[in-house]
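Shown next, in structure tokens, is the structure this report addresses.
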Amino acid sequence: MTASRTLPVVEPTVVDHAAAAARFNANPERVTWHDEALWFVREKRDHAMTDVAEWETLRELASSIKEHTLSRLDEYLLMFESAATANGVVVHWARNAEEHNRIVHRILESHGVRKLVKSKSMLTEECGLNPFLEARGIDVVDTDLGERIVQMRREHPSHIVMPAIHLKKEEIAETFAAQLGTEPGVSDPIALVAAARGHLRERFLAAEAALTGVNFAIAETGGIVVCTNEGNADLGIALAPIHIASMGIEKVIPGTAELAVFLRLLARSGTGQRLTVYTSHIHRPREGQELHIVLVDNGRTTQLGRAGFWRSLKCIRCGACMNTCPVYRRSGGHSYGSTVPGPIGSVLTPGIDLEKYASLPFASTLCGSCSAVCPVKIDLDAQLYRWRQIVADAGHVTAKKRHTVRIGATVLAQPRVFAFLGRATRLALRMLPQSIVAAVAAPWSRDRDVPVPAPQSFRAWYKANRISRRPGGEQ
Ligand code: SF4
């Protein structure tokens, strides 16, 4: 017994990241292993990076290639279209998600397709393709294992590279027992993978069309590159008579020489691998097959026109900024309420709907770790900070946050008031019982001891030690 149909997911009208993160945090055990699992991947990335002596040069190069391509995006897209068409590919253009979905549906409908297999494509998530096709009687099966798991659970992916990272193997075992009829309580990963493989093989063999995403589109050759670790994209393409590839317009790069730069960065940054297990180059349909490529804008040209944010389109969707982000690791991908979560999601989504995603630029400590690991050197923390200012100017912050920041600004602008409050706080921290101090500092103090204040403030220490020791300084 299987259930491949996903239910239409009810989207919140306004995403409250803090409230959603609090729900995730209600299970401290989950938070801990989620945090540790992602940090483990971040460490693998660090090891993989040290293998490549010219890592920083590669990042610089990748960033420059992307900036160059984005600055001539129209030219490269037309070059790609012309080369792909000459290869026998049918190229389609979609202004938005609705157009993308209609184009895909039209292709399937014209061939009487009722069974579609999909390999991982965050773009089709972004466009809401699955519910669109299912509402029109088409059976859609996601064939990436993580994607299939979340599809069976009627959830969204929580990470762009590891869609089911929020789930424990016991939870997956429960899902498989209910959906695939596996032995209840058997959570051995090898047994679970074997069950999924058997189930998916049937779907591949029955599929009448295959849809894939695109990691890179090469303007000079008209070819596309699809990177997976499971070979599911290749299996779908090899068996089905129709292949549809959906790509965001920012995926185009000039040539094969540039491709090498990105392939060296992508898997190392995302999962710590040297290369994805399958890196498939597709140039033309095989004999008897149709190949359609749908180029999708869906807000990308608007983002390209935003002076402070166009560089976010350099993203190659490696997921490294999520793996390193202390907020993402402890709040889970679903708390972002968007297809792309984490730091890059918080930069992209306010541009789509400022009011709905107003809380996301604040889901960051601005520590800069995301920018430090990004293989294409996107200044994520600076862009998050810029969005905060835009969100505040548009009046989308809570009254509490507005008043708190106003009070903070007043105190920081008056050194005497700041010094007085510092003295008062240190005194209070020494005099008051710990229980009261902890209650005032809650929830911060739930897992931490409130530190005993230093006997002297930094300003007093500086005055006593540095100024008086400077040659000619105040005595
Ligand atoms: S913003 Fe950078 S680190 Fe984050 S997913 Fe995109 S390429 Fe990777």
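Here are the numbers:
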quantity: Count - residues of the stretch 375-389 that are more than 12 Å from VAL347 (Cα to Cα) and either among the hydroxyl-bearing types (Ser, Thr, Tyr) or free of Cβ contacts under 8 Å to residues at least 60 places away in the same chain (or both); calculated: 1
quantity: Filtered residues of the stretch 131-180 (kept if hydrophobic (A, V, I, L, M, F, W, C) and over 17 Å from VAL117 (Cβ atoms)); calculated: ALA135, ILE160, VAL161, MET162, ALA164, ILE165, LEU167, ILE172, ALA173, PHE176, ALA177, ALA178
quantity: Selected residue (only one of ALA363, ALA382 is at pLDDT 95 or above and surrounded by fewer than 16 Cβ atoms within 10 Å (Cβ to Cβ)); calculated: ALA382
quantity: Cross-chain or 6+ apart pairs with Cβ under 8 Å, the stretch 263-278 first and more than 15 Å from CYS315 (Cα to Cα) and among the hydroxyl-bearing types (Ser, Thr, Tyr), then assigned to a loop (DSSP other than H, G, I, E, B) and away from the ligand (no atom under 13 Å from the Cβ); calculated: THR271/ASN229; THR276/ASN229; TYR278/ASN229; TYR278/GLU230; TYR278/GLY231
quantity: Considering residues of the stretch 108-154 that are in contact with a Pro (Cβ under 9 Å, 6 or more places away or on another chain) and acidic (Asp, Glu) only, the residue nearest to ALA267 (Cα to Cα); calculated: ASP144
quantity: Matching entry among ILE316, ILE352, ILE293 (being modelled with pLDDT of 95 or more and out of contact with any Phe, Trp or Tyr (no Cβ under 7 Å at 6 or more places or on another chain)); calculated: ILE293
quantity: Enumeration of residues in the stretch 184-223 that are outside any loop (DSSP other than H, G, I, E, B) and of a type in the set (Gly, Ala, Ser); calculated: ALA191, ALA194, ALA195, ALA196, GLY198, ALA206, ALA209, ALA210, ALA217, GLY223
quantity: Total residues in the stretch 334-359, condition part of a helix (DSSP H, G or I), more than 14 Å from the ligand (Cβ to nearest atom) and buried (at least 24 other Cβ atoms within 10 Å of the Cβ); calculated: 2
quantity: Residue in the stretch 407-424 that is basic (Lys, Arg), at pLDDT 90 or above, within 16 Å of the ligand (Cβ to nearest atom) and part of a helix (DSSP H, G or I) present; calculated: no
quantity: Test: SER364 is more than 11 Å from the ligand (Cβ to nearest atom), over 23 Å from ILE244 (Cβ atoms) and under 12 Å from the mean Cα position of the chain (by Cα); calculated: no
quantity: Checklist (1) charged (D, E, K, R); (2) within 30 Å of LEU38 (Cα to Cα); (3) away from the ligand (no atom under 16 Å from the Cβ) applied to LYS377, failing item; calculated: (3)
quantity: Residue in the stretch 387-395 that is assigned to a helix (DSSP H, G or I), within 16 Å of the ligand (Cβ to nearest atom), closer than 22 Å to ARG329 by Cβ and not charged (D, E, K, R) present; calculated: yes
quantity: Segments classed as helices (runs of 4 or more DSSP H), wholly inside the stretch 224-328, with at least 2 members that are more than 23 Å from VAL347 (Cβ to Cβ) and within 15 Å of the ligand (Cβ to nearest atom); calculated: 256-271
quantity: Single unsatisfied condition, ALA135 versus (1) within 21 Å of ASN232 (Cα to Cα); (2) more than 24 Å from the chain's Cα centre (by Cα); calculated: (1)
quantity: Hey, SER331 more than 20 Å from GLY299 (Cβ to Cβ) and within 9 Å of the ligand (Cβ to nearest atom) or not; calculated: no
quantity: In the stretch 241-258, the residues that are touching a Gly at 6+ places or on another chain (Cβ under 9 Å), among the hydrophobic types (A, V, I, L, M, F, W, C) and without any contact (Cβ under 8 Å) to a residue 60 or more places away in the chain; calculated: ALA245
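The values are calculated or read from the model by the stated rules, or taken from the named source; none is laboratory data. Being a predicted model, the structure only gives us computed values, none of them experimental. Positions of Cβ are backbone-derived with ideal geometry, glycine not excepted, and every protein chain shown enters the neighbour counts.
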